[in-house]
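Since every read-out is calculated from the coordinates, none of them should be taken as a lab result. The structure displayed is predicted, hence computed values, not measured ones. Counting neighbours? That spans all protein chains shown, and the Cβs are built from the backbone with ideal geometry, glycine included.
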Amino acid sequence: MDNASIKAAMSWWRSISLPLDQLKAKNLSPAPSAYKATIKRCDSLDGIMLTEGFRSLWLSLPDDVINDGGKNLERWALIAGVLVFVKDGKSESMAKSAGTKKEGSEKSIVSEMRFSQLQSAKRAEDFYRRLRRIIQQVDGKVSPEYLMKDIDAWFREQDDVYPRKPENRLAVQWAMDYYRAAAQKSK
């Protein structure tokens, strides 16, 4: 995923997520609230692709992404579908947030089983539903940039661009982040 795509998607995310005063400080216009609301109600990637909010994101992306014959539509629909649940743009990865212990508990916010199910998802629709659920469980406290890069890595690995070194594979990186966070003492 190139920097221009990330920059465009971050502007889109900010326009649907940040309060008006923060948007003005960044010289951004707020998006209609319907963009976020309609995407949140979508149960499928096809449904997301049919929304005005998704079109707004899609048309803001660089020409090489848009003019690729539709290869990136599903990837960007999935990105839009989970970004609407990201609330504060925290600087940590989804896996680290998922592995963090619940306050006053020894259990992680997201169970090992649910996290494992996400890692083993093979179809984009399944990956979307599981990832969306985890983002909701961590109350949207993830980095939107890390999340976009992780989704891009997942799609590349599904297209058989599988890193030779295990430490470069998404599932391994997620597991390391998750279990490091889970090993931390709760507050």
- Ranked by GNM mean-square fluctuation in the chain (Cα springs under 10 Å), the top entry among ASP64, ASP88, ASP46 is ASP64
- Message: Suppose each label sits 7 Å from its Cα in the direction of the beta carbon; what would the ASP46-SER29 distance come out to in nanometres?
- Response: 3.3
- Whole-Å distance linking the alpha carbon centroid of segment 138-182 with that of segment 73-121 is 11
- Task: Have a look at TYR128, VAL142, ILE79 and report the one farthest towards the positive end of the charge dipole of the chain, computed about the Cα centre with Cβ charges (Lys/Arg +1, Asp/Glu -1).
- Result: VAL142
- Item | Listed residues SER97, SER33, SER105, most fluctuating in the chain (Gaussian network, C-alpha, under 10 Å) | SER105
- GluC sites (Glu not before Pro) within segment 92-150: DSSP coil, no more than 11 neighbouring Cβ in 10 Å: GLU103, GLU106
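Once whole DSSP H runs in the chain are found, which of them have Cα atoms spread over 18 Å or more along the helix axis and a mean Kyte-Doolittle score of at least 0.0? Could the numbers behind the result be given before it?
Details: long enough: 3-17 (20 Å, -0.04); 124-137 (19 Å, -1.14); 144-158 (21 Å, -0.99); 170-183 (20 Å, 0.28).
Correct list, ordered by number: 170-183.
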- Query: Using 0.36 nm per residue, how much length does the chain from GLN119 to GLU92 gain when fully extended, once their Cα-Cα distance is taken away?
  - Reply: 7.9 nm
- Mind jotting down the three principal axis lengths of the chain based on Cα atoms? Whole angstrom, largest first. 42, 41, 28
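In percent, what relative contact order does the chain have, based on Cα pairs under 8 Å that are 6 or more apart in sequence?
Numbers: 232 pairs, mean separation 45.6, N = 187.
Relative contact order of the chain: 24 percent.
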- Pick out which of LYS24, LYS107, LYS96 has the largest mean-square fluctuation in a Gaussian network model of the chain, springs linking Cα atoms closer than 10 Å. LYS24
